[in-house]
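S.K.: If you scroll down you'll find the structure; I have some questions about it.
The values are calculated or read from the model by the stated rules, or taken from the named source; none is laboratory data. No experiment lies behind these values; they were computed from the predicted model shown. A quick note on method: Cβ atoms are made from the backbone with ideal geometry, for glycine too, and the neighbour counts reach across all protein chains shown.
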Amino acid sequence: MAEPLRFRDDAVPDEPAVSLDAFLDQSNAASVRLEAGDDVRRLGPVLDRIRLIEVDFPKFRDGRGFSSARILREMGYTGEIKATGDVLVDLVFFMRRCGFDSFAPNVPFNDDDVQAALTRYPYVYQDAADPAVPIWRLRHPEFQNG
Amino acid sequence: MYKYDQYDHAMVRARVEEFRDQTRRRIEGKLNDDQFKPLRLKNGLYLQLHAYMLRVAIPYGTLNSSQMRTLAHIARKYDRGYGHFTTRQNIQYNWIKLEEAPDILAELAEVEMHAIQTSGESIRNISADQYAGAAADEIVDPRPWAEMIRQMTTFMPEFSYLPRKFKIAVIATAADRAALRWHDFAVRIVKSPNENGAGEIGFEVYAGGGMGRTPFIAYKIRDFLPTSQILSYLQAVLRVWNRNARRDNIHKQRMKILVHELGEEEFRRQVEEEFQHFLTLGDDFPQAEYDRIAAYFAPPPFETGLNEDIDRSDPDFALWLDRQVAAHKAPGYAIVNISLKPTGQIPGDISADQMDLVADLAERYSFDELRATHAQNLVLPHVKKQDLCQVWTALNEAGLGEANLDLVTDIIACPGLDYCSLANARSIPLAQKLSERFADPARQEDVGELKIKISGCINACGHHHAGNIGILGVDRKGSESYQLLLGGSGDEDTTQAKIAGPGFDESGIVDAVERAVDRYVQIREPGERFIDTYRRVGMDGFKEAIYG
């Protein structure tokens, strides 16, 4: 298996991820694996002990994981969020915006395709879980710092 | 109308280049059609029965003359000299070559147009009242909010793969010309119910409507939403749906199904909870951005002191005036409806030459503005009453002078089996036959308002559920068959049409429609429209006449 694509500098968590139910039952795990239908908000009270959250995409058309990642960032989680499963390279830019910072797709990405996808759009129209400054703020300098 | 700035231009051009790259990978065989499909469907490109079809967005149905001329140019250069206006106020081209699609998008981008999110599981082009900014009965022009929603929902990361398509409508009148409650999410601008909030406006919010195989009329989920919070509220609705919708059956993934399964109360509760959360994130565009957008929708410089009198001595002109012209908010002005339903023609189709003519008229007589309607017609929104006769004469010469707005020949029809790979039956020839059957102008005027809507399959692109008379094409043991429905409405008195009984073949359905119309004429009470009579007597009042 190819190395996952990773946008973090910290050490790669090496313990296996456990299911959401298993994670909530055992206090010593630090990696959890979310299925598409899992309610990510159940992790709210225990986020400070998690280093890695894998969010699975059973098929690319199933977009629930986009909400899961953004909600995790909204809850203040700063650890790794990894997209696994049927992940399309053309959507990597949008996944980054939702807070994903590593990718282990079923079919490994081509590096050039990743670069193209990440640099395709010069601006964004709306806030998300990333620091990108939306167009409306660029239009109104008085809003650029908050 | 709205003008792109450097940012809007950059985004649309980036999308053109992305699509050019995706198309190249497809043509070179690096992507197969299964892989290419989700990419092209994010950009309005369908593979139909005979060719690719490209659907171009006309945001909230508003366009100017240079955009219309570009649409004409595309029809000539890349298609067969015509285009087709759709029930989402868009235009589509039916004979597109894949390798030319990126060039078309590049030409569109030059006039601030695109095909972004006109198909696929995405937030589609936002529809609006075609009279917005002109209607005499309007509280305020709703298009600045429609444009704000357009920007917010363009390439929205969290909703990159929604369960299904998502359709939004925005109006600001009590009269509903946009089929509001047939949308997934719709807002109507209203005045504050609170007497202390003098003059304050907000949104009445509807959610969970939709046609397709399981039709639902949207519920009102909020009486009054401050306009400044619309983007938070919309995100809340989208998130509740995105997280909770089924993903195992494509026919049960529209938001209407979730609203129905959760129940109105529980859906509302979840949305309100998520909404309170979104308000803390500060995603709503600020007043300054609303003001910037709204400035583009400032009323055009209407002249004052204009003559209100119109010479009605030509009976054909008088007929057209009464039928095609609506009241304008500015004295001395009128709204002109241009029929794309001449007798025997294809509903919504327009030739490149006609597009150019309409563009000329918009430029000369309507402050350069045009509108597309969900009923597949066009509108010149701001015409001086004293110019109406010249406009009518020019339209007549171009074959666009039909006076049949909302009459029995003003038929909505989907492309059907002549083009569409999903269709079970043809819609266009049926619309043409009905149009010919009822061609007599005196008969049409006598019958009065009667909205016929034809879909070639249960996906209901022809809005048959909302037809006073709806027709649904089905495949019955390998041959085309048509079901007859009565009693639907897409207006402010929204209702869902009901199936009358057994289906018909193509000539049989035309006769059956005529029997229903004749029955109405026979039993109507003074002042009753077809829909009123139907509501009074019910299906039983028509059934025997239809089935004998």
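S.K.: Tell me which residues, restricted to the stretch A:130-146, are outside any helix (DSSP H, G or I) and not charged (D, E, K, R). Working first, answer last.
M.R.: Of the stretch A:130-146, the ones outside any helix (DSSP H, G or I) are A:130-134, A:140, A:144-146.
Those that are outside any helix (DSSP H, G or I) and not charged (D, E, K, R): A:131, A:132, A:133, A:134, A:140, A:144, A:145, A:146.
S.K.: Name the residue that is nearest to residue B:3 (Cα to Cα), counting only residues in the stretch B:268-291 that are acidic (Asp, Glu) and either at the interface with chain A (Cβ under 9 Å from one of its Cβ atoms) or over 29 Å from the mean Cα position of the chain (by Cα) (or both).
M.R.: The residue in question is B:289.
S.K.: For the stretch B:59-160, which fully contained helices (runs of 4 or more DSSP H) count at least 1 residues that are farther than 29 Å from residue B:254 by Cβ? Steps first, please.
M.R.: Details: elements: B:65-78, B:101-110, B:143-152.
Once the helices (runs of 4 or more DSSP H) in the stretch B:59-160 are filtered for at least 1 residues that are farther than 29 Å from residue B:254 by Cβ, what remains is B:65-78, B:101-110.
S.K.: Spot the failing condition for residue B:48; the list is (1) surrounded by 17 or more Cβ atoms within 10 Å (Cβ to Cβ); (2) on the phi < 0 side of the Ramachandran plot; (3) at pLDDT 95 or above, and only one is missed.
M.R.: Failed condition: (3).
S.K.: Taking into account only those residues within the stretch B:1-52 that are touching a strand residue (DSSP E or B) at 6+ places or on another chain (Cβ under 7 Å) and among the aliphatic types (A, V, I, L, M), which is farthest from the other protein chains (Cβ to nearest Cβ)?
M.R.: Among them, the one singled out is B:51.
S.K.: Here is a follow-up. From the list A:24, A:47, A:34, which one is out of contact with any Cys (no Cβ under 7 Å at 6 or more places or on another chain), surrounded by 18 or more Cβ atoms within 10 Å (Cβ to Cβ) and either more than 27 Å from residue B:38 (Cα to Cα) or at pLDDT 95 or above (or both)? Walk me through it before giving the result.
M.R.: On the way: A:24 fails: surrounded by 18 or more Cβ atoms within 10 Å (Cβ to Cβ); A:47 fails: surrounded by 18 or more Cβ atoms within 10 Å (Cβ to Cβ).
From the options A:24, A:47, A:34, the qualifying one is A:34.
S.K.: Now for a different question. In this structure, is residue B:227 free of Cβ contacts under 8 Å to residues at least 40 places away in the same chain and either outside the structural domain of residue B:464 (by TED's automatic domain parsing) or in contact with a strand residue (DSSP E or B) (Cβ under 9 Å, 6 or more places away or on another chain) (or both)? Before you say what the answer is, go through the steps one by one.
M.R.: Values: free of Cβ contacts under 8 Å to residues at least 40 places away in the same chain: no; either outside the structural domain of residue B:464 (by TED's automatic domain parsing) or in contact with a strand residue (DSSP E or B) (Cβ under 9 Å, 6 or more places away or on another chain) (or both): yes.
Here the answer is no, as residue B:227 does not meet what is asked.
S.K.: Within the stretch B:55-113, which residues are closer than 30 Å to residue B:211 by Cα and basic (Lys, Arg)?
M.R.: B:55, B:88
S.K.: Considering each residue of the stretch B:244-267, count those that are in contact (Cβ under 8 Å) with a residue 40 or more places away in the chain and either within 14 Å of another protein chain (Cβ to nearest Cβ) or surrounded by 20 or more Cβ atoms within 10 Å (Cβ to Cβ) (or both), and give that number.
M.R.: 12
S.K.: Next up: Scan the stretch B:64-95 for residues that are surrounded by fewer than 21 Cβ atoms within 10 Å (Cβ to Cβ), more than 20 Å from the chain's Cα centre (by Cα), under 20 Å from residue B:419 (Cα atoms) and of a type outside the set (D, E, K, R) and jot them down.
M.R.: The answer is B:78, B:81, B:95.
S.K.: Could you give me the residue pairs with C-beta distances under 7 Å whose first residue belongs to the stretch B:505-517 and is among the acidic types (Asp, Glu), whose second residue is surrounded by fewer than 19 Cβ atoms within 10 Å (Cβ to Cβ) and part of a helix (DSSP H, G or I) wherever it lies, and which are 6+ apart or on separate chains?
M.R.: B:514/B:437
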